[in-house]
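In what follows, a single structure is set out as C-alpha coordinates and then discussed.
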Amino acid sequence: MDVCLIGGTGLISTGIARQAVDAGHDVTAFHRGETDADLPAAVSHVHGDRDDDADLRRVAGEVDPDVVVDMVCFDPGQAERAVQVFAGIEQYVFCSTVDVYHRPLDRNPATEDAPREPAVSEYGEHKAECEDIFMDAHGDAFATTVVRPWSTYGEGGPVIHTMGWGTYYLDRIRKGKPVIVHGDGATLWGPCHRDDVAGAFVGAVGSETAYGEAYHVTSEEVISWNQYHEYVAAALDAPEPDLVSIPTEQLVAAAPDRTDPLVDHFQFSTVFDNSKAKRDLDFEYTIPFREGVERTIDAMAESDIDDWDSENDDEIIDAWREATEEFVEGVGSSHRRQ
(Lines give C-alpha, C1' and ligand atoms only; values in the text may rest on other atoms or scores of the structure.)
Protein backbone atom coordinates (compact mmCIF):
# COMPACT_ATOMS: atom_id res chain seq x y z
CA MET A 1 0.00 0.00 0.00
CA ASP A 2 1.02 3.65 -0.34
CA VAL A 3 1.79 4.73 3.21
CA CYS A 4 2.37 8.32 4.32
CA LEU A 5 4.23 8.41 7.61
CA ILE A 6 3.78 11.78 9.28
CA GLY A 7 6.94 12.34 11.32
CA GLY A 8 9.19 9.59 10.00
CA THR A 9 12.37 10.46 11.90
CA GLY A 10 11.37 9.74 15.51
CA LEU A 11 12.18 6.75 17.68
CA ILE A 12 9.13 4.66 16.76
CA SER A 13 8.74 6.20 13.28
CA THR A 14 12.11 4.96 12.07
CA GLY A 15 11.21 1.44 13.12
CA ILE A 16 7.87 1.68 11.35
CA ALA A 17 9.50 2.95 8.14
CA ARG A 18 11.99 0.09 8.02
CA GLN A 19 9.44 -2.62 8.75
CA ALA A 20 6.84 -1.16 6.37
CA VAL A 21 9.38 -1.23 3.54
CA ASP A 22 10.26 -4.81 4.45
CA ALA A 23 6.53 -5.66 4.30
CA GLY A 24 6.38 -4.37 0.72
CA HIS A 25 4.67 -1.03 1.26
CA ASP A 26 5.63 2.17 -0.57
CA VAL A 27 6.57 4.58 2.24
CA THR A 28 6.81 8.36 2.20
CA ALA A 29 8.01 10.16 5.33
CA PHE A 30 6.61 13.66 5.82
CA HIS A 31 8.80 15.67 8.21
CA ARG A 32 10.60 18.99 8.61
CA GLY A 33 13.89 17.68 7.29
CA GLU A 34 15.68 18.91 10.38
CA THR A 35 16.53 15.50 11.92
CA ASP A 36 18.80 12.89 10.41
CA ALA A 37 17.40 9.39 10.48
CA ASP A 38 18.77 6.08 9.26
CA LEU A 39 15.96 5.10 6.93
CA PRO A 40 15.96 2.69 3.99
CA ALA A 41 16.79 4.18 0.59
CA ALA A 42 13.34 3.07 -0.59
CA VAL A 43 11.66 5.63 1.68
CA SER A 44 10.66 8.84 -0.09
CA HIS A 45 10.78 12.14 1.76
CA VAL A 46 8.55 15.20 1.66
CA HIS A 47 9.65 18.12 3.80
CA GLY A 48 7.17 20.45 5.42
CA ASP A 49 5.33 21.49 8.56
CA ARG A 50 2.27 19.50 9.55
CA ASP A 51 0.88 22.65 11.19
CA ASP A 52 0.97 24.45 7.84
CA ASP A 53 -2.26 23.63 5.97
CA ALA A 54 -0.59 24.21 2.61
CA ASP A 55 2.20 21.75 3.44
CA LEU A 56 -0.28 19.17 4.70
CA ARG A 57 -2.40 19.47 1.57
CA ARG A 58 0.71 19.34 -0.59
CA VAL A 59 1.85 16.02 0.87
CA ALA A 60 -1.68 14.62 0.56
CA GLY A 61 -1.71 15.53 -3.11
CA GLU A 62 1.82 14.42 -3.92
CA VAL A 63 1.65 11.09 -2.13
CA ASP A 64 -2.06 10.28 -2.58
CA PRO A 65 -1.72 7.69 0.20
CA ASP A 66 -3.89 4.69 0.91
CA VAL A 67 -2.92 4.86 4.57
CA VAL A 68 -1.63 7.64 6.82
CA VAL A 69 0.32 6.73 9.97
CA ASP A 70 0.35 9.85 12.15
CA MET A 71 3.09 9.89 14.77
CA VAL A 72 3.12 13.60 15.62
CA CYS A 73 -0.47 14.65 16.27
CA PHE A 74 -0.65 16.10 19.78
CA ASP A 75 -3.59 18.47 19.93
CA PRO A 76 -7.21 18.52 18.71
CA GLY A 77 -6.58 21.27 16.16
CA GLN A 78 -4.03 19.09 14.39
CA ALA A 79 -6.47 16.18 14.39
CA GLU A 80 -9.29 18.26 12.93
CA ARG A 81 -7.08 19.55 10.10
CA ALA A 82 -5.88 16.03 9.35
CA VAL A 83 -9.45 14.77 9.00
CA GLN A 84 -10.23 17.55 6.53
CA VAL A 85 -7.05 17.07 4.47
CA PHE A 86 -6.98 13.27 4.32
CA ALA A 87 -10.70 12.56 3.98
CA GLY A 88 -11.15 9.90 1.32
CA ILE A 89 -8.09 7.76 2.09
CA GLU A 90 -8.62 4.18 3.17
CA GLN A 91 -7.21 4.21 6.72
CA TYR A 92 -5.80 6.62 9.29
CA VAL A 93 -3.55 5.07 11.97
CA PHE A 94 -3.15 7.43 14.92
CA CYS A 95 -0.33 7.06 17.42
CA SER A 96 -1.92 7.78 20.77
CA THR A 97 -0.63 6.77 24.21
CA VAL A 98 -1.66 4.92 27.36
CA ASP A 99 -1.44 8.36 28.99
CA VAL A 100 -5.06 8.82 27.90
CA TYR A 101 -6.04 6.80 30.98
CA HIS A 102 -6.67 8.17 34.42
CA ARG A 103 -4.08 7.34 37.09
CA PRO A 104 -4.00 5.31 39.15
CA LEU A 105 -5.56 2.78 36.82
CA ASP A 106 -8.97 1.46 37.71
CA ARG A 107 -7.48 -2.04 37.62
CA ASN A 108 -4.37 -3.87 36.43
CA PRO A 109 -3.98 -5.04 33.76
CA ALA A 110 -5.99 -2.33 32.01
CA THR A 111 -7.99 -3.05 28.87
CA GLU A 112 -8.71 -0.52 26.13
CA ASP A 113 -11.97 0.59 27.77
CA ALA A 114 -10.29 1.75 31.01
CA PRO A 115 -11.53 5.14 32.39
CA ARG A 116 -9.92 8.18 30.80
CA GLU A 117 -11.17 10.89 33.15
CA PRO A 118 -9.99 12.85 34.98
CA ALA A 119 -6.98 13.18 32.74
CA VAL A 120 -3.57 12.34 34.19
CA SER A 121 -1.93 15.23 32.31
CA GLU A 122 -2.60 17.87 29.68
CA TYR A 123 -0.69 15.71 27.20
CA GLY A 124 -2.92 12.73 27.94
CA GLU A 125 -6.07 14.86 27.77
CA HIS A 126 -5.11 16.22 24.35
CA LYS A 127 -4.30 12.77 23.01
CA ALA A 128 -7.68 11.50 24.20
CA GLU A 129 -9.42 14.40 22.45
CA CYS A 130 -7.50 13.57 19.24
CA GLU A 131 -8.62 9.95 19.52
CA ASP A 132 -12.22 11.07 19.76
CA ILE A 133 -11.91 13.28 16.68
CA PHE A 134 -10.41 10.48 14.59
CA MET A 135 -12.96 7.96 15.85
CA ASP A 136 -15.79 10.37 15.05
CA ALA A 137 -14.42 10.50 11.49
CA HIS A 138 -14.31 6.70 11.25
CA GLY A 139 -16.58 5.40 8.50
CA ASP A 140 -17.05 8.83 6.93
CA ALA A 141 -13.62 10.33 6.20
CA PHE A 142 -11.69 7.06 6.48
CA ALA A 143 -11.29 3.98 8.65
CA THR A 144 -9.58 4.85 11.95
CA THR A 145 -7.16 2.74 13.96
CA VAL A 146 -5.72 3.96 17.26
CA VAL A 147 -2.49 2.52 18.70
CA ARG A 148 -1.55 3.26 22.33
CA PRO A 149 2.12 2.62 23.17
CA TRP A 150 3.47 2.89 26.71
CA SER A 151 7.12 3.43 27.63
CA THR A 152 8.99 2.95 24.35
CA TYR A 153 12.79 2.91 24.17
CA GLY A 154 15.47 1.86 21.73
CA GLU A 155 18.55 2.80 19.78
CA GLY A 156 18.67 6.56 19.34
CA GLY A 157 16.51 7.25 22.39
CA PRO A 158 17.13 7.85 26.09
CA VAL A 159 17.09 5.50 29.07
CA ILE A 160 14.56 6.96 31.49
CA HIS A 161 14.82 6.99 35.27
CA THR A 162 13.05 8.50 38.29
CA MET A 163 14.46 11.98 37.58
CA GLY A 164 13.58 11.99 33.89
CA TRP A 165 15.70 11.47 30.79
CA GLY A 166 19.13 12.82 31.70
CA THR A 167 21.95 10.62 30.42
CA TYR A 168 24.05 11.44 33.50
CA TYR A 169 22.08 8.61 35.12
CA LEU A 170 24.01 6.07 33.06
CA ASP A 171 27.32 7.53 34.22
CA ARG A 172 26.14 7.30 37.83
CA ILE A 173 25.21 3.64 37.36
CA ARG A 174 28.48 2.61 35.75
CA LYS A 175 30.55 4.46 38.35
CA GLY A 176 28.62 2.99 41.28
CA LYS A 177 27.23 6.34 42.41
CA PRO A 178 23.95 6.30 44.38
CA VAL A 179 20.81 6.52 42.27
CA ILE A 180 17.48 8.04 43.32
CA VAL A 181 14.46 5.73 43.24
CA HIS A 182 10.95 6.95 43.97
CA GLY A 183 9.01 5.30 46.77
CA ASP A 184 10.37 1.89 47.70
CA GLY A 185 11.18 0.97 44.11
CA ALA A 186 8.46 -1.67 44.03
CA THR A 187 6.00 0.04 41.67
CA LEU A 188 5.77 -1.63 38.27
CA TRP A 189 7.03 -0.39 34.93
CA GLY A 190 7.28 -2.02 31.52
CA PRO A 191 9.46 -0.59 28.72
CA CYS A 192 8.88 -1.98 25.21
CA HIS A 193 11.52 -1.78 22.49
CA ARG A 194 10.57 0.39 19.53
CA ASP A 195 11.03 -2.45 17.03
CA ASP A 196 8.30 -4.47 18.74
CA VAL A 197 6.03 -1.40 18.93
CA ALA A 198 6.70 -0.61 15.26
CA GLY A 199 5.68 -4.11 14.26
CA ALA A 200 2.19 -3.54 15.62
CA PHE A 201 1.80 -0.32 13.62
CA VAL A 202 2.82 -2.11 10.45
CA GLY A 203 0.46 -4.96 11.32
CA ALA A 204 -2.39 -2.43 11.49
CA VAL A 205 -1.77 -1.05 8.00
CA GLY A 206 -4.57 -2.18 5.72
CA SER A 207 -5.99 -4.60 8.28
CA GLU A 208 -9.76 -4.35 8.11
CA THR A 209 -9.97 -6.11 11.46
CA ALA A 210 -8.29 -3.06 12.98
CA TYR A 211 -10.70 -0.54 11.46
CA GLY A 212 -12.52 1.38 14.19
CA GLU A 213 -10.43 -0.19 16.96
CA ALA A 214 -7.94 0.95 19.61
CA TYR A 215 -5.01 -1.17 20.79
CA HIS A 216 -2.45 -1.32 23.57
CA VAL A 217 1.08 -1.98 22.34
CA THR A 218 3.10 -2.29 25.52
CA SER A 219 5.55 -4.45 27.42
CA GLU A 220 4.87 -8.09 28.21
CA GLU A 221 7.67 -8.01 30.79
CA VAL A 222 6.50 -5.86 33.70
CA ILE A 223 9.26 -5.21 36.24
CA SER A 224 9.74 -3.16 39.38
CA TRP A 225 11.80 0.00 39.25
CA ASN A 226 14.42 -1.69 41.43
CA GLN A 227 14.72 -4.45 38.85
CA TYR A 228 14.80 -1.85 36.09
CA HIS A 229 17.93 -0.25 37.57
CA GLU A 230 19.51 -3.64 38.13
CA TYR A 231 19.00 -4.51 34.45
CA VAL A 232 20.55 -1.20 33.38
CA ALA A 233 23.55 -1.87 35.63
CA ALA A 234 23.94 -5.34 34.12
CA ALA A 235 23.81 -3.85 30.62
CA LEU A 236 26.66 -1.50 31.60
CA ASP A 237 28.61 -4.30 33.28
CA ALA A 238 28.45 -2.07 36.37
CA PRO A 239 28.36 -2.89 40.10
CA GLU A 240 25.08 -3.68 41.86
CA PRO A 241 23.34 -0.29 41.89
CA ASP A 242 23.26 1.73 45.11
CA LEU A 243 19.55 2.61 45.15
CA VAL A 244 18.35 5.39 47.44
CA SER A 245 14.60 5.18 48.05
CA ILE A 246 12.89 8.53 48.64
CA PRO A 247 9.11 8.87 49.10
CA THR A 248 7.52 10.36 46.01
CA GLU A 249 5.81 13.19 47.87
CA GLN A 250 9.06 14.37 49.45
CA LEU A 251 11.00 13.99 46.22
CA VAL A 252 8.50 16.10 44.29
CA ALA A 253 8.57 18.77 47.02
CA ALA A 254 12.37 18.88 46.94
CA ALA A 255 12.76 18.93 43.13
CA PRO A 256 9.50 20.19 41.58
CA ASP A 257 11.26 21.27 38.38
CA ARG A 258 12.62 17.77 37.73
CA THR A 259 9.77 15.45 38.65
CA ASP A 260 6.90 16.04 36.21
CA PRO A 261 7.20 12.52 34.71
CA LEU A 262 7.26 11.09 38.23
CA VAL A 263 4.06 12.88 39.22
CA ASP A 264 2.16 11.90 36.08
CA HIS A 265 3.48 8.41 35.43
CA PHE A 266 6.36 6.79 37.26
CA GLN A 267 4.80 6.73 40.72
CA PHE A 268 1.96 4.44 39.63
CA SER A 269 2.05 0.71 38.99
CA THR A 270 0.68 0.26 35.48
CA VAL A 271 0.09 -2.93 33.53
CA PHE A 272 -1.74 -3.11 30.20
CA ASP A 273 -3.47 -6.01 28.47
CA ASN A 274 -1.99 -6.53 24.99
CA SER A 275 -4.17 -9.49 24.03
CA LYS A 276 -6.20 -7.50 21.51
CA ALA A 277 -3.09 -6.31 19.64
CA LYS A 278 -1.62 -9.82 19.71
CA ARG A 279 -4.84 -11.15 18.21
CA ASP A 280 -5.46 -8.50 15.53
CA LEU A 281 -2.08 -6.90 14.77
CA ASP A 282 0.25 -9.88 15.23
CA PHE A 283 1.97 -7.94 17.98
CA GLU A 284 4.86 -9.85 19.53
CA TYR A 285 7.12 -8.95 22.43
CA THR A 286 10.44 -10.28 21.17
CA ILE A 287 13.14 -8.09 22.74
CA PRO A 288 13.62 -8.54 26.50
CA PHE A 289 14.50 -5.37 28.38
CA ARG A 290 17.92 -6.74 29.39
CA GLU A 291 18.82 -7.11 25.71
CA GLY A 292 17.08 -3.99 24.46
CA VAL A 293 18.58 -1.61 27.01
CA GLU A 294 22.06 -2.96 26.27
CA ARG A 295 21.49 -2.28 22.57
CA THR A 296 20.22 1.20 23.39
CA ILE A 297 23.26 2.06 25.50
CA ASP A 298 25.69 0.53 22.99
CA ALA A 299 24.23 2.82 20.32
CA MET A 300 25.15 5.92 22.34
CA ALA A 301 28.41 7.69 21.70
CA GLU A 302 30.44 8.48 24.80
CA SER A 303 29.84 12.17 24.08
CA ASP A 304 26.10 11.52 24.40
CA ILE A 305 26.42 10.60 28.10
CA ASP A 306 26.71 13.48 30.56
CA ASP A 307 28.93 13.34 33.64
CA TRP A 308 27.47 11.74 36.76
CA ASP A 309 27.51 15.02 38.70
CA SER A 310 25.85 17.21 36.06
CA GLU A 311 22.61 17.35 38.09
CA ASN A 312 21.99 17.91 41.81
CA ASP A 313 21.21 14.28 42.66
CA ASP A 314 23.98 14.12 45.28
CA GLU A 315 22.56 17.15 47.06
CA ILE A 316 19.12 15.49 47.20
CA ILE A 317 20.57 12.14 48.32
CA ASP A 318 22.79 13.65 51.03
CA ALA A 319 19.89 15.70 52.42
CA TRP A 320 17.60 12.66 52.50
CA ARG A 321 20.16 10.41 54.15
CA GLU A 322 20.94 13.04 56.78
CA ALA A 323 17.25 13.57 57.53
CA THR A 324 16.67 9.83 57.74
CA GLU A 325 19.57 9.36 60.16
CA GLU A 326 18.27 12.17 62.37
CA PHE A 327 14.81 10.58 62.35
CA VAL A 328 16.14 7.14 63.30
CA GLU A 329 18.43 8.55 65.98
CA GLY A 330 15.66 10.73 67.39
CA VAL A 331 13.13 7.92 67.62
CA GLY A 332 15.78 5.48 68.89
CA SER A 333 16.96 7.79 71.65
CA SER A 334 13.36 8.42 72.70
CA HIS A 335 12.79 4.66 73.12
CA ARG A 336 16.04 4.25 75.01
CA ARG A 337 15.02 6.96 77.50
CA GLN A 338 11.82 5.04 78.18
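In whole angstrom, segment 1-102 maps to an equivalent ellipsoid with semi-axes of 19, 16, 14, each derived as √(5λ) from the alpha carbon gyration tensor and ordered largest first.
When all protein chains stay in place and ligands, DNA and RNA are ignored, the 1.4 Å accessible-area order of Leu251, Leu188, largest first, is Leu188, Leu251. Rolling a 1.4 angstrom probe over the protein heavy atoms with all chains in place gives segment 38-77 an accessible area of 47 Å² per residue. Partners of Lys276 within straight-line reach, counting lysines whose Cα lies under 27 Å from its Cα and excluding those fewer than 8 residues away in the same chain: Lys127.
Only residues of segment 131-169 count here: report those whose backbone N is under 12 Å from the spot 7 Å along Cα→Cβ of Glu80, or say none. Answer for segment 131-169: 133. Cross-link reach is defined here as a Cα-Cα straight distance under 12 Å, omitting same-chain residues fewer than 8 places apart; for Lys175 the aspartates and glutamates meeting it are Asp237, Glu240, Asp242, Asp307, Asp309.
The calculated pair-distance distribution of the chain uses every alpha carbon pair, bins of 20 angstrom beginning at 0, and gives 29, 53, 15, 2, 0 percent.
Report, as a whole number in µm² per second, the diffusion coefficient that Stokes-Einstein gives for segment 200-322 at 20 °C and 1.002 mPa s using the Kirkwood radius over alpha carbon pairs.
120
Using a simple spin-label model with pseudo-atoms 7 Å out from Cα toward Cβ, Glu240 and Ala186 lie 1.9 nm apart. Only protein heavy atoms count here; under a 1.4 Å probe, Thr97 has an accessible surface of about 10 Å².
A viscosity of 0.692 mPa s and a temperature of 37 °C, combined with the Kirkwood radius over Cα pairs in Stokes-Einstein, give a translational diffusion coefficient for segment 193-255 of 211 µm²/s. Heavy atoms only, probe 1.4 Å: what % of the accessible area of segment 189-338 goes to carbon and sulfur, would you let me know? C and S fraction of accessible area: 43 percent.
Given their separation in residues at 0.36 nm each and the Cα-Cα distance between them, Ala299 and Asp318 gain 3.6 nm when the chain is fully extended. Segment 51-73 and segment 173-251 have Cα centres spaced 32 Å apart. Fully extending the segment from Glu122 to Ser275, taken as 0.36 nm per residue of separation minus the present Cα-Cα distance, adds 52.3 nm. 3J(HN,Hα) couplings calculated from phi for segment 6-22 with the Karplus curve 6.51 cos²θ - 1.76 cosθ + 1.60 (θ = phi - 60°) are, in sequence order, 7, x, x, 10, x, 4, 6, 4, 5, x, 4, 4, 4, 6, 5, 5, 4 Hz; Gly and Pro show x. Per-residue ellipticity at 222 nm from helix content only, as computed over the chain with -39500 (n - 2.57) for each DSSP H run of at least four residues, stands at -11500 deg cm²/dmol. The residues of segment 211-261 expose, per residue, 42 Å² of accessible area to a 1.4 Å probe. Computed from label points 7 Å out along Cα-Cβ, the spacing between Glu220 and Glu90 is 2.8 nm. The heavy atoms of Asp264 offer some 40 square angstrom of accessible surface to a 1.4 angstrom probe. Between Arg107 and Asp51, the simple spin-label model (points 7 angstrom out along Cα→Cβ) gives 4.1 nm.
The gain in end-to-end length when the Ser151 to Asp38 segment is fully stretched comes to 38.5 nm, 0.36 nm per residue minus the alpha carbon separation. In terms of Cα atoms, the Rg and Dmax of segment 91-149 work out to 11.8, 35 Å.
The values are calculated or read from the model by the stated rules, or taken from the named source; none is laboratory data. This one's a predicted model, so the numbers in the text were calculated from it and none came from an experiment. Here the Cβ is made from the backbone with ideal geometry for all residues, glycine too, and neighbour counts use every protein chain on show. Ligands, DNA and RNA are stripped out before the accessible areas are found, and what is left, the full protein with its side chains, is counted by its heavy atoms. Shrake-Rupley method; radii C 1.70, N 1.55, O 1.52, S 1.80 Å.
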